[in-house]
Amino acid sequence: MLAGTVFGLVVGYMAAQLGVLPSTAPAVAASRVELGNLYMDAERWDDAIRWYREALAIDASLPDVATDLGACLVSAGRDKEALAALEQALAKDPAHRLARIERARAGAGAGR
């Protein structure tokens with residue numbers, strides 16, 4: 001229970017800090033990625049998806065973030081959306097190994 005409370009406090013603090021910076025600052029994109037990472041680690045897919053999408057809206061050139069977004073979408077059962085995110089990652093880095101793996105997972109899920 002305490003771990004959940006601490007997680008909520010840390011994430012809440014980080015989210016509040018985003019309002020202090022200009023929305024296009026590189027630090028804002030990085031902060032959104034970190035929030036996405038925290039939520040992904042906690043398997044809170046919808047929250048992670050939100051923050052990864054916000055980071056990509058600020059800086060669409062991040063193949064690792066697009067890959068993490070795709071992985072969360074696959075885990076959330078949203079395979080068609082995942083394929084789009086993973087294609088975005090692979091367009092920026094065709095050799096991105098994890099993006100290729102996640103694309104295969106998404107493709108298998110979309111074919112169900």
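Listed residues G77, G70, G107; which is surrounded by fewer than 16 Cβ atoms within 10 Å (Cβ to Cβ), touching a residue at least 12 places away in the same chain (Cβ under 8 Å), closer than 24 Å to A42 by Cα and not aromatic (F, W, Y)?
G77 is the lone residue from the list that is surrounded by fewer than 16 Cβ atoms within 10 Å (Cβ to Cβ), touching a residue at least 12 places away in the same chain (Cβ under 8 Å), closer than 24 Å to A42 by Cα and not aromatic (F, W, Y).
Among the residues of region 4-61, what is the count of those that are at pLDDT 85 or above, not hydroxyl-bearing (S, T, Y) and not in a helix (DSSP H, G or I)? Explain how you work it out, then say what you get.
Looking only at region 4-61, we keep the residues that are at pLDDT 85 or above, and these are 29-61.
Next, only the ones that are not hydroxyl-bearing (S, T, Y) stay: 29-30, 32-38, 40-51, 53-60.
Imposing the further condition that a residue be not in a helix (DSSP H, G or I) reduces the set to 42-44, 59-60.
Qualifying residue count for the region: 5.
The values are calculated or read from the model by the stated rules, or taken from the named source; none is laboratory data. Everything numeric in this text was worked out from a predicted model, so none of it was measured. Virtual Cβ from ideal backbone geometry, glycine too; neighbours counted across all protein chains shown.
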